[in-house]
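S.K.: The structure that follows is given in the form of structure tokens.
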């Protein structure tokens, strides 16, 4: 699904984000074409910042200052619970997780000497358009770098059997794409992905998405206790991902299940962006 929406700049690309169902619990999102659920992030290739220490071009991806910042801080994240059928409790939970992500990543960007600003967060009950185009089909939510906004769908399906850790993972992955944008990684990806074709474009997409998996997991490492990401939940999620993660997508633009599980484990075990440099990894590890 990594193709530019019609009518947008050549540097605008579309990248999908899967929500992983764990132990029979539903993921958050609007129904996808295959009956599952997915989130989407529409990513602009324009530069995140001018000046200061933000890297541009390939070094932004391969040698980003974030890789030298060490483990992410442990953050208190009292997000509360999501009550079945309660849109208000869902919005409250996701808003609090978003704030936790902001505190954690602000500290990490400060260590890297990079400017940071949090994304906007907008909850919607129907599909809306953004500077990145219309709402992608089957998406439960997406991040648009054109206005640095995360659009999160709130539907009856989301609220039927909510499970906090899954929703926290979804938010962390979407936020990871914002991190990539601010750090100059997404602008680089947008430039090279637009020029690439076929298998080369898919390979770039896998590096982008697998890195977001890893960065999201690095955050969860430091907030696992408060967000109730238990060892049992994590192991079940990794097992499910390794076996099924690739089945969500019609093309291999997110990596095989075992690749997704590998990068999630790297991020969660280390809690550090240093473990998430997919851009210099071997092709086999991002297959």
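The values are calculated or read from the model by the stated rules, or taken from the named source; none is laboratory data. None of the values given here were measured: they were computed from a predicted structure. Using ideal geometry, Cβ is built from the backbone for each residue, glycine included, and neighbour counts are taken over all protein chains shown.
S.K.: Quick check, is residue 114 under 22 Å from residue 65 (Cβ atoms), crowded, with 20+ Cβ neighbours inside 10 Å, in contact (Cβ under 8 Å) with a residue 40 or more places away in the chain and within 17 Å of the chain's Cα centre (by Cα)?
M.R.: No; evaluated as a whole, the condition is false for this residue.
S.K.: Give all pairs with beta carbons closer than 7 Å in which a residue from the range 121-132 that is on the phi > 0 side of the Ramachandran plot and at pLDDT 85 or above meets a residue that is surrounded by 14 or more Cβ atoms within 10 Å (Cβ to Cβ) and not in a strand (DSSP E or B); count only pairs at least 6 apart in sequence or on separate chains.
M.R.: Cβ pairs passing all conditions: none.
S.K.: When residue 157 is evaluated against the numbered criteria (1) in a helix (DSSP H, G or I); (2) under 17 Å from the mean Cα position of the chain (by Cα); (3) farther than 22 Å from residue 77 by Cα, which criterion, by number, is the only one it fails?
M.R.: Against the list (1) in a helix (DSSP H, G or I); (2) under 17 Å from the mean Cα position of the chain (by Cα); (3) farther than 22 Å from residue 77 by Cα, residue 157 comes up short only on (2).
S.K.: If we scan the range 110-121, do we find a residue that is closer than 19 Å to residue 176 by Cα and part of a strand (DSSP E or B)?
M.R.: Within the range 110-121 (the criterion being closer than 19 Å to residue 176 by Cα and part of a strand (DSSP E or B)), the answer is yes, since at least one residue qualifies.
S.K.: Kindly establish whether residue 262 is assigned to a helix (DSSP H, G or I), in contact with a helix residue (DSSP H, G or I) (Cβ under 6 Å, 6 or more places away or on another chain), buried (at least 20 other Cβ atoms within 10 Å of the Cβ) and at pLDDT 90 or above.
M.R.: Criteria not met by residue 262.
S.K.: Which residues, counting only those in the range 122-142, are in a strand (DSSP E or B) and over 24 Å from residue 166 (Cα atoms)?
M.R.: Residues satisfying the conditions are 130, 133.
S.K.: Specify the residue that is nearest to residue 84 (Cα to Cα); the eligible residues are those in the range 143-154 that are outside any loop (DSSP other than H, G, I, E, B) and at pLDDT 85 or above.
M.R.: In this case the residue turns out to be 153.
S.K.: What's the total number of residues in the range 234-263 that are closer than 24 Å to residue 93 by Cα and more than 19 Å from the chain's Cα centre (by Cα)?
M.R.: Within the range 234-263, residues that are closer than 24 Å to residue 93 by Cα and more than 19 Å from the chain's Cα centre (by Cα) number 2.
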